[in-house]
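Remarks on the structure that follows.
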Amino acid sequence: MKFFVDSADVPAIAELNDLGMVDGVTTNPSLILKSGRDILEVTKEICSIVSGPVSAEVVALTAPEMIAEGRKLAALAPNIAVKVPLTWDGLKACKVLSGEGFMVNVTLCFSVNQALIAAKAGATFISPFVGRLDDINLDGLDLIGDIRTVYDNYDYKTQILAASIRTANHVKDCALIGADVITAPPGVIKSLASHVLTDKGLEQFLKDWAKTGQKIL
Ligand code: E4P
């Protein structure tokens, strides 16, 4: 399973990238706001650090304007994936932009039918939002499983990019279900290394080591 970082925080992305843990990056207008940076500048900087797909989201609502914005974003770097919303106009933009050879990430997906129609429009990635479904007491992971089944039934090549990942358990469950990609904030990715028994075990080892009176260096 590929790991994308859901962030426009360049130092945080760089830290994970140096560890070889970054297969791509996703941004959205809220993350650009949080970064306090200009969208074109920060997106270009992220693309210079990360070699995998970097999603940059259009903000227009009509297909012609989305296509124009998408072309401008795609011109920033060869690894840009243009992110379009799962609306009828977004699907039209997806069809045109993917036909021009650009990677397209169709975002704000909340149903299997939306994922199905995005695949038919040529999406490279579909982004179902797990956490936001959980927020309204629906099961976001069920949606990931259902999309996996449908895509496998018909051999669609669109990659399932599980988004709105909020917890380490979301990551584990997406891996078990067979999502192609998860995108998660840096804090969630780092939390995958944590276990209370690791901390407890290390504490005991260090106590015992101190009693030996030995040194390695
Ligand atoms: C990524 O593509 C999405 O925009 C993001 O994962 C949404 O996450 P959130 O629901 O935590 O804002």
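Any read-out appearing in this document is the output of simple, stated calculations on the displayed coordinates, not a laboratory observation. From a predicted model like this one, the values you see are computed outputs, not experimental measurements. As a convention, Cβ positions derive from the backbone with ideal geometry for all residues, glycine included, and neighbour counts pool all protein chains shown.
Applying the selection to segment 1-43, what residues are of a type in the set (D, E, K, R) and out of contact with any Asp or Glu (no Cβ under 7 Å at 6 or more places or on another chain)? Matches in segment 1-43: D6, D9, E15, D18, D23, K34, R37, D38, E41.
Residue under question is K83, and the condition is that it be buried (at least 20 other Cβ atoms within 10 Å of the Cβ) and either among the charged types (D, E, K, R) or assigned to a loop (DSSP other than H, G, I, E, B) (or both); does it hold? Yes; evaluated as a whole, the condition is true for this residue. Taking the criterion of being of a type in the set (A, V, I, L, M) and in a loop (DSSP other than H, G, I, E, B), the only residue of segment 86-105 that qualifies is L86. Within segment 185-196, residues that are within 17 Å of C174 (Cβ to Cβ) and touching a residue at least 24 places away in the same chain (Cβ under 8 Å) reach partners that are outside any helix (DSSP H, G or I) and away from the ligand (no atom under 16 Å from the Cβ) with beta carbons closer than 9 Å, at six or more positions or on different chains, in the pairs I189/M21. Could you tell me which residue of segment 168-178 is farthest from the ligand (Cβ to nearest atom), considering only residues that are of a type outside the set (D, E), more than 11 Å from G131 (Cα to Cα) and buried (at least 17 other Cβ atoms within 10 Å of the Cβ)? Checked segment 168-178; the qualifying residue farthest from the ligand (Cβ to nearest atom) is I177.
I'm trying to understand the selection: among the residues of segment 113-123, which are in a helix (DSSP H, G or I) and surrounded by fewer than 24 Cβ atoms within 10 Å (Cβ to Cβ)?
First, pick out the residues of segment 113-123 that are in a helix (DSSP H, G or I): 113-120.
Correct list: N113, Q114, L116, I117, A119, K120.
Assess whether L108 counts as being surrounded by fewer than 22 Cβ atoms within 10 Å (Cβ to Cβ) and either under 17 Å from the mean Cα position of the chain (by Cα) or in a helix (DSSP H, G or I) (or both). Can you show your working first?
Values: surrounded by fewer than 22 Cβ atoms within 10 Å (Cβ to Cβ): yes; either under 17 Å from the mean Cα position of the chain (by Cα) or in a helix (DSSP H, G or I) (or both): yes.
Yes, satisfied.
For segment 129-144, taking the residues that are within 14 Å of the ligand (Cβ to nearest atom) and assigned to a loop (DSSP other than H, G, I, E, B), the one that is farthest from E65 (Cα to Cα) is identified as L138.
Scanning segment 87-105 for residues that are within 15 Å of V59 (Cβ to Cβ) and either of a type outside the set (A, V, I, L, M) or within 19 Å of the chain's Cα centre (by Cα) (or both) yields T87, D89, G90, N105.
If you check I126, I189, I182, I165 for being within 14 Å of the ligand (Cβ to nearest atom), touching a strand residue (DSSP E or B) at 6+ places or on another chain (Cβ under 9 Å), part of a helix (DSSP H, G or I) and under 23 Å from I32 (Cα atoms), only one passes: I189. Residues that are without any contact (Cβ under 8 Å) to a residue 12 or more places away in the chain and under 18 Å from the mean Cα position of the chain (by Cα) were ranked within segment 29-77; the one that is farthest from the ligand (Cβ to nearest atom) is L33.
Which ones in segment 34-69 are over 14 Å from V22 (Cβ atoms), among the aliphatic types (A, V, I, L, M) and assigned to a helix (DSSP H, G or I)? I39, L40, V42, A63, M66, I67, A68 - these are the residues of segment 34-69 that are over 14 Å from V22 (Cβ atoms), among the aliphatic types (A, V, I, L, M) and assigned to a helix (DSSP H, G or I).
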